[in-house]
Amino acid sequence: MENADYFVLDDELWEELLALTDGEAAPCFQCGVCTASCPWGLVRGETFSVRKLIRQVQLGTLNEQEDLWLCTTCSQCEPYCPRGVPVVEIIQALRYMMWKRRAILEGLPSLLWSVYWNNNPWFQPPSQRTQWALTLDLPTYDPDHHDILLYIGCTASYDRRAQNLAHSLIQILRAFQIPFGVLGEDEPCCGETILRLGHLPYFKEIAEAGAKIFRDRGVGKLVAISPHCYDVFLNHYPEVNRDFEPLHYTEYLASVIETGGLKFQKTFDRKVTYHDPCYLGRRNQGYEAPRKILESIPGVTLVEMENSGMDALCCGGGGGRMWMETAPGERFSDLRVQEAAATGANVIATACPFCITCLEDGVKSMGIEGLEVLDIVEIAAQVLQK
Ligand code: SF4
Ligand code: SF4
């Protein structure tokens, strides 16, 4: 038959998905609420349909799954699913099924190789991991002398813009004499990108190796700059016997402020709106600590966007999307910065290096004047002393 328009149905696909998700995909009854609540519907005429992806697998086909890579794993849909289906977990499992069939997007295998060879997803040499900190004389973590291990992460180690987040946090810790150490070139990649892209066995390997490094170094409390690292340490490293306590830096600084160990003296006389990063807010209910820090800074007027907290719109950078092209006109961050501008704020504060990149791109592409994107830690470092 020439140009036959047929495909073979695979009876075992659904079983495979159920096995990968411990049966969590089973309750899906095809209502489509997830599709209706997905932000892709706001930027594309055609929505991104999780319902359809699941249905195809139920019917026994993995064809036409290109859309699968669109998911930013923002979890916006999950709280609305009437059956409590963990959509992000399903997406990761479906992506793994595509890896097994070598049907993945171009460029993704080299990303895996970068983590394998370079210990980072940014295609940067491991020898450059601590280049940003050469003049800082950072102490190597020692559990007998340090309260916390400061986990810098790959993005704040290699991305020039994100390095300022690490510099700012170190400035604050030093100003308030909080004993901290780092792992320097021995710091392992947390593996978050690999997990979100669905290479589940490789993520497990990375997590096991990372957990061992932290165990061998006697890490008690680990403070992460990125909510993405924080989330995997908190929610996925227990599967490989995590024995340290992960905290996001906002959580840590808010607790120090509460005990009176951290006070800001200079004022920051700006109208600030806060963008909740998905992996701090929706995924880990980290809504209060960032706002507490901002409210403790003299002069800050905090205003909320139309969608905030649990309903905050994703910046578009999660789920491995930082490494994929998003067509102009389809970027969530363009919508988000317009929401921010509508509040009359002149600063969008956030607490994630991916959000910083996406929101800054959004401000530029929308041509919004007078709206600055800053991480909370950068604002805090600016108001340290009189
Ligand atoms: S909202 Fe839940 S039950 Fe409805 S289609 Fe989506 S995953 Fe399935
Ligand atoms: S996790 Fe976010 S991007 Fe993915 S399907 Fe749900 S709402 Fe859409």
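Here, each number is a calculation from the coordinates, and none is a lab measurement. Small disclaimer: the values here were computed from a predicted structure and weren't measured. A quick note on method: Cβ atoms are made from the backbone with ideal geometry, for glycine too, and the neighbour counts reach across all protein chains shown.
Summary table below
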{"item": "Per DSSP, loop GluC sites (Glu not before Pro) in the range 316-386 with at most 14 further Cβ within 10 Å", "result": "Glu325, Glu330, Glu369"}
{"item": "Projected label distance in nm at Glu89 and Glu46, using a 7 Å step from Cα toward the beta-carbon", "result": "3.0"}
{"item": "From the C-alpha gyration tensor of the range 201-276, square roots of 5λ in Å", "result": "31, 16, 8"}
{"item": "Label point distance in nm, Ala327-Glu288, each placed 7 Å from Cα along Cα→Cβ", "result": "4.4"}
{"item": "Segment Asp11-Leu136, length gained on full extension (0.36 nm per residue, minus Cα span)", "result": "39.2 nm"}
{"item": "Cβ-based charge dipole, the range 199-342, positive-most Cα from Phe244, Pro328, Ala340", "result": "Phe244"}
{"item": "Nearest-0.05 FRET efficiency for Ser127 and Asn307, computed from C-beta distance (R0 30 Å)", "result": "0.10"}
{"item": "Karplus-derived HN-Hα couplings along the range 268-274 (A = 6.51, B = -1.76, C = 1.60, θ = phi - 60°), whole Hz, x at Gly and Pro", "result": "10, 7, 9, 8, 10, 10, 9"}
{"item": "Given 15 as the ceiling on other Cβ atoms within 10 Å, longest exposed-site-free region of the chain for chymotrypsin sites (Phe, Trp or Tyr not before Pro) in DSSP loops", "result": "177-386"}
{"item": "Net charge dipole size for the chain [Lys, Arg +1 and Asp, Glu -1 on Cβ; Debye, nearest 20]", "result": "800"}
{"item": "Rg over Rh [alpha-carbon atoms, Kirkwood Rh] for the range 161-319", "result": "0.98"}
{"item": "Trypsin sites (Lys or Arg not before Pro) within the range 207-289, DSSP loop, no more than 13 other Cβ atoms inside 10 Å", "result": "Lys263, Lys266"}
{"item": "For the chain, built as a Gaussian network whose Cα springs stay under 10 Å, the top-fluctuating residue of Val373, Val256, Val182", "result": "Val256"}
{"item": "5 angstrom amide H check on Lys221, placed H, neighbours 5+ away", "result": "Leu149, Glu245"}
{"item": "Rounded D (µm²/s) - the chain, Kirkwood Rh over Cα pairs, Stokes-Einstein at 4 °C, 1.567 mPa s", "result": "59"}
{"item": "Cut-off under 5 Å, modelled amide H: who pairs with Leu302 long-range", "result": "Val272"}
{"item": "Partnerless cysteines, meaning none of the other Cys C-beta atoms lie under 4.7 Å away, in the chain", "result": "Cys28, Cys31, Cys38, Cys71, Cys81, Cys154, Cys189"}
{"item": "Phi-based couplings in Hz for the range 147-155 (Karplus 6.51, -1.76, 1.60; Gly and Pro marked x)", "result": "6, 9, 9, 8, 8, 6, x, 5, 5"}
{"item": "Cα-projected label distance for Asn235 with Phe176, points at 7 Å along beta-carbon direction, nm", "result": "2.7"}
{"item": "Stretch gain in nm, segment Gln338-Arg270, where the contour uses 0.36 nm per residue and the Cα spacing is subtracted", "result": "22.7 nm"}
{"item": "Gained length - Gln382 relative to Arg101, 0.36 nm times residue gap less alpha-carbon distance", "result": "96.1 nm"}
{"item": "Computed over the range 264-382, Cα set: Rg, Dmax in Å", "result": "13.5, 43"}
{"item": "Backbone HN-Hα couplings from phi across the range 164-175 [Karplus 6.51/-1.76/1.60, Hz, Gly and Pro as x]", "result": "5, 5, 5, 4, 5, 5, 5, 4, 5, 4, 6, 4"}
{"item": "Principal semi-axes in Å for the range 125-247 [√(5λ), Cα gyration tensor, largest first]", "result": "23, 17, 12"}
